[in-house]
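Notes to accompany the following structure.
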Amino acid sequence: MSLDILYFSFMQKAIISGIAIALLCSVVGLFLVLRRYSLFGDAVAHSSFGGIAAGLLVGVYPLWTAYLVSLASALIITKIRQKFDISGEAAVAVLLSSGIAVGLILISLSGGFTTDIFSFLFGSILLVSTENTILILALTGSILIVILLLYRDLIYSTFNEEQAKVSGIPVEKINYLIVFIAGITVVTSIQLVGILLISALFVIPNVTAIMYRRGFKQTVLVSISFAVFSVVTGIILSYIFDITPSGAIVLLLIAIFAATLIIKSTGLIAKLTA
């Protein structure tokens with residue numbers, strides 16, 4: 001494979017943005033998976049679909065309206081979970097369906113599906129602009145700094161919420177922070193894999209990494225490695241074979257997951273982690 005394609009400006013922006021998004025989704029996604037909120041990213045992504053449709057309808061840049069709607073949706077899920085006797089999974093399912101329904105109605109009002117809509121549904125990382133690349137890097141850096149600063153509180157509230165409360169950790173505020181960060185991460189990642197496949201980046205690398213039964217920090221590193229490898233390789237393969245980057249990335253993640261299952265079934269993971 002020739003590396004000449006890496007000299008193209010659009011490929012450089014795609015790979016840089018992709019690595020940043022892979023890093024962000026791996027870290028944020030691990031907290032969601034450990035909190036049994038694996039479908040949270042899916043729900044927020046589908047609700048942001050309504051925000052994107054609204055932006056296209058009124059002539060506003062769709063990602064800005066998507067950010068607003070996704071953050072509102074994340075807060076709604078948390079409120080429903082706290083105030084009513086409804087499981088987190090049920091709240092996620094309701095929000096997911098609502099976002100799609102609202103989005104479809106707004107799209108029909110704006111004249112039907114367009115190329116812009118399909119790019120948000122399936123991702124368009126090869127078309128990412130310089131401005132969006134800078135935005136992705138800025139958001140990734142900001143979120144990771146916040147996570148590092150609040151690392152202890154996030155860990156305690158994730159693994160033992162009751163003990164965290166006893167220790168004086170503001171668990172409710174931490175929970176809101178997690179959903180706020182997740183909402184921003186989801187919309188930022190839409191450009192890479194699109195609305196329909198966003199949960200793959202949150203869930204698959206982390207579920208795969210968890211099977212290696214390492215400590216939290218090592219699990220994060222393994223998850224990041226899987227995600228970054230899949231993203232970079234997927235982007236390059238998509239250009240070479242003229243296929244969609246999002247599909248290539250997710251299939252690579254699934255391949256790594258399947259390989260891990262095979263390794264686990266043969267007992268090699270136990271030997272590797274002994």
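Considering each of THR219, THR185, THR130 in turn, give the residue that is over 27 Å from ILE254 (Cα atoms), modelled with pLDDT of 90 or more and not hydrophobic (A, V, I, L, M, F, W, C). Outline the logic, then answer.
Working: THR219 fails: over 27 Å from ILE254 (Cα atoms); THR185 fails: over 27 Å from ILE254 (Cα atoms).
After ruling out the rest, the residue left standing is THR130.
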Looking at the range 46-83, which of its residues are more than 25 Å from ILE174 (Cα to Cα), out of contact with any Asp or Glu (no Cβ under 7 Å at 6 or more places or on another chain), surrounded by fewer than 23 Cβ atoms within 10 Å (Cβ to Cβ) and among the aliphatic types (A, V, I, L, M)?
ALA54, LEU57, VAL58, VAL60, LEU63
Restricting attention to the range 165-186, does a residue exist that is more than 25 Å from PRO62 (Cβ to Cβ), among the polar types (S, T, N, Q) and either in a helix (DSSP H, G or I) or touching a residue at least 40 places away in the same chain (Cβ under 8 Å) (or both)?
yes
When you look at ILE181, is it within 30 Å of ILE76 (Cα to Cα), among the β-branched types (Val, Ile, Thr) and surrounded by fewer than 22 Cβ atoms within 10 Å (Cβ to Cβ), yes or no?
no
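Quick check on PHE257: is it in a helix (DSSP H, G or I) and more than 20 Å from THR158 (Cα to Cα)?
Numbers: in a helix (DSSP H, G or I): yes; more than 20 Å from THR158 (Cα to Cα): yes.
Yes, satisfied.
Give the residues of the range 12-65 that are of a type in the set (A, V, I, L, M, F, W, C) and part of a loop (DSSP other than H, G, I, E, B), sorted by residue number. Give the derivation first.
Step one: list which residues in the range 12-65 are of a type in the set (A, V, I, L, M, F, W, C), which gives 14-16, 19-25, 27-28, 30-34, 39-40, 43-45, 49, 52-54, 56-58, 60, 63-64.
Correct list: LEU39, VAL60.
Scanning the range 215-230 for residues that are farther than 15 Å from LEU24 by Cβ and of a type outside the set (Ser, Thr, Tyr), which turns out surrounded by the most Cβ atoms within 10 Å (Cβ to Cβ)?
Quick first cut of the range 215-230, residues farther than 15 Å from LEU24 by Cβ only: 215-219, 222, 229.
Adding the requirement that they be of a type outside the set (Ser, Thr, Tyr) leaves 215-218, 222, 229.
Working: GLY215: 8, PHE216: 13, LYS217: 10, GLN218: 13, VAL222: 20, PHE229: 15.
Per the stated criteria, the residue is VAL222.
Test SER238 against the stated conditions and say whether it is more than 29 Å from ILE155 (Cα to Cα), in contact (Cβ under 8 Å) with a residue 12 or more places away in the chain and surrounded by 17 or more Cβ atoms within 10 Å (Cβ to Cβ). Spell out how you get there, then give the answer.
Working: more than 29 Å from ILE155 (Cα to Cα): yes; in contact (Cβ under 8 Å) with a residue 12 or more places away in the chain: yes; surrounded by 17 or more Cβ atoms within 10 Å (Cβ to Cβ): yes.
Taking the combined requirement at face value, the residue satisfies it.
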Being surrounded by 22 or more Cβ atoms within 10 Å (Cβ to Cβ) and modelled with pLDDT of 85 or more, is that true of even one residue in the range 161-171?
no
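Taking only the range 145-161 into account, find how many residues are in a helix (DSSP H, G or I) and without any contact (Cβ under 8 Å) to a residue 24 or more places away in the chain.
Keep residues of the range 145-161 that are in a helix (DSSP H, G or I), which gives 145-149, 151-159, 161.
Filter once more, keeping what is without any contact (Cβ under 8 Å) to a residue 24 or more places away in the chain: 145, 148-149, 151-153, 156-157, 161.
Matching residues across the range 145-161 total 9.
Of everything in the range 21-62, what is hydroxyl-bearing (Ser, Thr, Tyr) and in contact (Cβ under 8 Å) with a residue 24 or more places away in the chain? Give them in sequence order. Please lay out each step first, then the result.
Taking the range 21-62 and keeping what is hydroxyl-bearing (Ser, Thr, Tyr), we get 26, 37-38, 47-48, 61.
Of everything in the range 21-62, those that are hydroxyl-bearing (Ser, Thr, Tyr) and in contact (Cβ under 8 Å) with a residue 24 or more places away in the chain turn out to be SER26, TYR37, SER38, SER47, SER48.
The values are calculated or read from the model by the stated rules, or taken from the named source; none is laboratory data. All values derive from a computational prediction rather than experimental measurement. As a convention, Cβ positions derive from the backbone with ideal geometry for all residues, glycine included, and neighbour counts pool all protein chains shown.
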